[in-house]
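The values are calculated or read from the model by the stated rules, or taken from the named source; none is laboratory data. Keep in mind the model is a prediction, meaning the values are calculated, not measured. Cβ atoms come from the backbone with ideal geometry, glycine included; neighbour counts cover every protein chain shown. Note: areas computed on protein heavy atoms with side chains; ligands, DNA, RNA excluded. Shrake-Rupley method; radii C 1.70, N 1.55, O 1.52, S 1.80 Å.
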Amino acid sequence: YDIRDDEADWDVVRKNLAVWRDTVAPYFGADYYPLTSISTAQDVWVGWQYHRDGDNSGVIQMFRRPDSPMVAGRFKLRGLDESAMYEIENVDTGAVVKASGAELSDKGLLIEIDDAPNATILKYRALK
């Protein structure tokens with residue numbers, strides 16, 4: 001969003017800021033893992049993971065750049081307890097999947113972003 005744009009949809013900006021504040025910001029002191037190479041290219045995806053060992057939870061931010069032809073990718077998560085089951089929730093859609101720490105670490109998590117440019121935030125936690 002360009003805050004200098006008089007046509008900006010401020011309701012969307014406020015909603016996205018609240019999601020970031022409530023979902024992503026609490027993990028800034030957690031372990032950081034890049035899930036892709038960091039690049040300024042416009043035809044790639046860029047993403048990272050924050051993982052908190054204390055409660056075995058985290059958040060993933062993934063960005064599909066405007067010229068990226070890729071609509072989905074599988075990304076290996078790090079820092080997980082391989083013997084635990086995890087619940088992963090897409091913050092935008094509310095869709096939930098469950099997978100083992102071993103699967104998420106070895107095979108990776110399938111992430112889809114249909115539109116470009118766009119982004120998604122996923123939060124996860126180990127199930128007790």
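Among the residues of the stretch 78-94, the ones that are under 20 Å from residue 119 (Cα atoms) and of a type in the set (A, V, I, L, M) come to 2 in all. Taken over the stretch 111-128, the residue count meeting the criterion of being open to solvent by 90 Å² or more (accessible area, probe 1.4 Å) and either hydroxyl-bearing (Ser, Thr, Tyr) or closer than 19 Å to residue 83 by Cα (or both) is 2.
Among the numbered conditions (1) in a helix (DSSP H, G or I); (2) open to solvent by 30 Å² or more (accessible area, probe 1.4 Å), the only one that residue 23 does not meet is (2).
Taking the stated definitions as given, is residue 38 open to solvent by less than 20 Å² (accessible area, probe 1.4 Å), of a type in the set (A, V, I, L, M) and under 15 Å from the mean Cα position of the chain (by Cα)? No; evaluated as a whole, the condition is false for this residue. Return yes or no: is residue 30 open to solvent by 30 Å² or more (accessible area, probe 1.4 Å), touching a strand residue (DSSP E or B) at 6+ places or on another chain (Cβ under 6 Å) and of a type in the set (Gly, Ala, Ser)? The answer is no for residue 30. Got a number for residues in the stretch 1-16 being part of a helix (DSSP H, G or I) and either touching a helix residue (DSSP H, G or I) at 6+ places or on another chain (Cβ under 9 Å) or surrounded by 12 or more Cβ atoms within 10 Å (Cβ to Cβ) (or both)? Of the residues in the stretch 1-16, 2 are part of a helix (DSSP H, G or I) and either touching a helix residue (DSSP H, G or I) at 6+ places or on another chain (Cβ under 9 Å) or surrounded by 12 or more Cβ atoms within 10 Å (Cβ to Cβ) (or both).
All conditions in (1) of a type outside the set (Phe, Trp, Tyr); (2) under 14 Å from residue 121 (Cβ atoms); (3) without any contact (Cβ under 8 Å) to a residue 40 or more places away in the chain hold for residue 47, with the sole exception of (3). Which residue pairs have Cβ atoms closer than 8 Å, lie 6 or more positions apart in sequence or on different chains, and pair a first residue in the stretch 89-106 that is free of Cβ contacts under 8 Å to residues at least 40 places away in the same chain with a second residue that is basic (Lys, Arg) and surrounded by fewer than 16 Cβ atoms within 10 Å (Cβ to Cβ)? So the pair list comes out as 104/76; 105/76; 105/78; 106/76. If you filter the stretch 28-40 down to residues that are in contact (Cβ under 8 Å) with a residue 24 or more places away in the chain and in a loop (DSSP other than H, G, I, E, B), you find that the one that is farthest from residue 75 (Cα to Cα) is 30.
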